Amino acid sequence: MDSMSAVTGTLLRDFKLRSTPNREEILHLFLLKKYALSHGDIEKEIDNSLDRVTVYRTLKTFLDKGLIHKVLDDEGSLKYALCKEACSVAEHHHDHVHFKCTKCGQTSCLNVNVPTIKLPKGYEANEVNLLIQGVCEHCN
């Protein structure tokens, strides 16, 4: 067993998920890329034996268990990124900044606190998304 398989297996166990080749392959891709991936990005990178439905179900399972979270970008497309905090089935904790590079198009999670926003009376926030666009460290 190589070190990446050990890492993916451990992560899956930590999130109470059965380790399967499909789950390990998709999780390995998230660990390798380190930026948010769309469903299409994943399909391009993984083994052709995995069909669209398998990828969708795997992403949904990872999302439901708190292993990944949704990332919206400026084009309205949905991407997914690994959770870096202690997320669970019951609750995701993602009050952080997403950064989209205008050169390479990659969206990354940044460990930067989102400023506190005081909402008008009667409004209650369930989730905060902050997207900053610019040039990433690799393209700069």
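The values are calculated or read from the model by the stated rules, or taken from the named source; none is laboratory data. This structure is a prediction, so every number in the text was calculated from the model and none was measured. Using ideal geometry, Cβ is built from the backbone for each residue, glycine included, and neighbour counts are taken over all protein chains shown.
Which residue, of Leu59, Leu63, Leu29, Leu11, is at pLDDT below 90 and part of a helix (DSSP H, G or I)?
Working: Leu59 fails: at pLDDT below 90; Leu63 fails: at pLDDT below 90; Leu29 fails: at pLDDT below 90.
Only one candidate qualifies: Leu11.
Could you list all residues from region 58-76 that are under 15 Å from the mean Cα position of the chain (by Cα) and either over 22 Å from His96 (Cα atoms) or not aliphatic (A, V, I, L, M) (or both)?
Once the filter is applied, which keeps residues that are under 15 Å from the mean Cα position of the chain (by Cα) and either over 22 Å from His96 (Cα atoms) or not aliphatic (A, V, I, L, M) (or both), region 58-76 yields Thr58, Lys60, Thr61, Phe62, Asp64, Lys65, Gly66, His69, Lys70, Asp73.
For Ser88, work out the one condition from (1) surrounded by 12 or more Cβ atoms within 10 Å (Cβ to Cβ); (2) part of a loop (DSSP other than H, G, I, E, B); (3) modelled with pLDDT of 90 or more it doesn't fulfil.
(3)
For region 13-28, which positions are farther than 22 Å from Gln106 by Cα, touching a residue at least 40 places away in the same chain (Cβ under 8 Å) and not aromatic (Phe, Trp, Tyr)? Give the derivation first.
Looking only at region 13-28, we keep the residues that are farther than 22 Å from Gln106 by Cα, and these are 13-24.
Restricting the remaining residues to those that are touching a residue at least 40 places away in the same chain (Cβ under 8 Å) gives 15-17.
Within region 13-28, Lys16, Leu17 meet the criteria.
For region 111-131, give me the residue count where each residue is surrounded by 12 or more Cβ atoms within 10 Å (Cβ to Cβ) and modelled with pLDDT of 85 or more.
1
If the requirement is being in contact with a helix residue (DSSP H, G or I) (Cβ under 7 Å, 6 or more places away or on another chain) and either more than 24 Å from Thr107 (Cα to Cα) or surrounded by 15 or more Cβ atoms within 10 Å (Cβ to Cβ) (or both), which of these qualifies: Leu50, Leu63, Leu31?
None of the other options fit; the residue is Leu50.
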